[in-house]
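Derivation of every value follows stated rules applied to the coordinates shown; laboratory data play no part. Please read all numbers here as calculations on a predicted model, not as lab measurements. Cβ coordinates were reconstructed from backbone atoms using ideal geometry, including for glycine residues, and neighbour counts include every protein chain displayed.
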Amino acid sequence: MRLVTHGDSAPASVNRYLLPHEHQVIMVRRHPAVLLRPVAEVLGGLILAGLLSRFFGDGGGGQALVIVWWAWLLLLIRFVWKVAEWSVDYFVVTSKRMLLTTGLITRKVAMMPLGKVTDMSFQRSLLGRLLGYGEFVLESAGQDQALSTVQYIPYPETLYLEVCQMLFPGGDDSDD
């Protein structure tokens, strides 16, 4: 199974970081659960703004009403920003390395060569198990690496097995 984007080509925002001699094997966006908090903030702010509108609307507090709705508009803009960031964040595993690209304006690319990975595990919280995401924890010999954890990975069991197969390719070892 190959977990790549449609057409086996990375978006331009990721493709520019691939080396000519490597090919992508896995590429996924982070799980949409990363947006749960911003969604809760916008909905909670909307409910609060509605309740305050009702309260200030009866008392003639027009100035306070404007401030309340501007505050909610700022929450909405922050939510749109988080969705835009999520849409350009990718976890990529190539034939040579793992990459995590993040950021909309300030682009950050964290990388770890596959050969340096000495241990890899994944964790799933209760919410992660319910919604279908997990977190990869990568370890390497030596100093700290730029890529040590990857949060909100969709279908982590499948990706974990796929990456482990790349890290530790099995030969024809037959134990009799």
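Just flag the chymotrypsin sites (Phe, Trp or Tyr not before Pro) in segment 32-114 sitting in loop per DSSP whose Cβ has no more than 11 other Cβ atoms within 10 Å. Provide the component values of the computation, followed by the final result.
Details: sites: F55, F56, W69, W70, W72, F79, W81, W86, Y90, F91; in loops: none.
For chymotrypsin sites (Phe, Trp or Tyr not before Pro) across segment 32-114 that sit outside H, G, I, E and B with at most 11 neighbouring Cβ atoms in 10 Å, the list is empty.
Take every Cα-Cα pair in the chain and report what % of them are more than 25 Å apart.
On the way: 7266 of 15400 pairs.
Percent of Cα pairs beyond 25 Å in the chain: 47.
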